[in-house]
Amino acid sequence: MIWLFLKEHRSWIMFFLLMHLWMNGLFFIDSGFSNISIWYVNMMNLLLFIIFLLWRFVRETKQLQTIYEQPINEELLSPFQRKYIDHFQKQYGELDEKLHQMKMEMLEQQDEILAWVHEMKSPMTAMKLIVEQVKPYTLREKIEKEWMRIYLLLDQKIHETRLSTIEKDNRLEKVCLEIVVHQQIRDFRSWCIEKGIGVETNNLQEMVTADAKWLGFIVRQIFSNAVKYSHENSEIHIFTTRDQEGHLQLHIKDFGIGIRAEDLPRIFQRSYTGTIGRETTAATGMGLYLAKEAAVKLGLTLKVESQVDVGTMMTIQFPIENQYDQSYGK
């Protein structure tokens, strides 16, 4: 606070120093001041100036503290300070109005996106039924794979739009991990068959407190990456463990191309595709970002371990007592 005060009134201090230099110059130039003690005059001026600064410091500090703790009392303000306050209030009002307009525009855009995504669900469902009737099995697999890619992109978009209001869109309940995981495996069945990928599950009978829809979304993003970056005719292992503190951990482990060490710290960043992601146009860099953001809002933790050409293991760690349970006193 003292340094801020001195910085604010540096013009006073500079003026005082210049006046002293000018006055001391007169003492040396004008012989009429030869009988006056220059040291006495300097010390008295300096003492008076320090007393003045201390008085201003106490007064302005008290005034600033009053502004912090209580509504502004215009009677305590100087005319210049009132001008400042009026100008700042005018600017604040204009910025607040612009911010309100931007929020309204963003809400309208979100509503339009949600409406568009919901409209797309009907033709997507119809396409799924049509694809299931395609007779050549190899052709049906290819069509199902492309259908799944479109479905995942729409799924990411609708969850990205809802992410900011996830607190209003979730419902905590006891969820069986086996049901959530097996649903994702069934959805990706044709893609796994096409690449010859087998899925091995173990210890998935655990119950967790979470939102089933958002947890399914997180698992779906991780599992889709595991399938996408797995080698053909390989395996994906999905299992649970508990750490030393008792946290339940859901692991999704593939034996694919892996992630480079320099990319690991950034894989959860928005739109980051990494070195390997740049080699394919299918990577958007949004899946893990959205999974991470949703996990944080649900009180979950995402971890990753990976080596190039060895594989990747993504881990979803559940809290011992869900943070939402604590908040609602359940």
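The values are calculated or read from the model by the stated rules, or taken from the named source; none is laboratory data. Quantities reported herein were computed from a predicted structural model and do not represent experimental measurements. With ideal geometry, Cβ positions are generated from the backbone for all residues, glycine too; neighbour counts draw on all protein chains shown.
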Would you check which residues across region 235-271 are surrounded by 16 or more Cβ atoms within 10 Å (Cβ to Cβ) and in a loop (DSSP other than H, G, I, E, B) and list them? Phe255, Gly256, Ile257, Gly258, Ile259, Asp263, Ile267, Phe268
So, first residue more than 16 Å from Gln221 (Cβ to Cβ) and in the same structural domain as His182 (by TED's automatic domain parsing) in region 242-267, second residue among the small types (Gly, Ala, Ser) and part of a loop (DSSP other than H, G, I, E, B), Cβ within less than 9 Å, six or more apart or across chains; the pairs are Phe255/Ser230; Phe255/Ser234; Ile257/Ser230
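Quick one: would you say Met127 is modelled with pLDDT of 80 or more, touching an Asp or Glu at 6+ places or on another chain (Cβ under 8 Å), on the phi < 0 side of the Ramachandran plot and surrounded by 10 or more Cβ atoms within 10 Å (Cβ to Cβ)?
No.
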Looking at Glu60, Glu97, can you tell me which residue is modelled with pLDDT under 85 and out of contact with any Leu (no Cβ under 8 Å at 6 or more places or on another chain)? Glu60
Residue among Lys98, Lys168, Lys135 that alone is under 23 Å from Ala212 (Cβ atoms) and among the basic types (Lys, Arg): Lys168
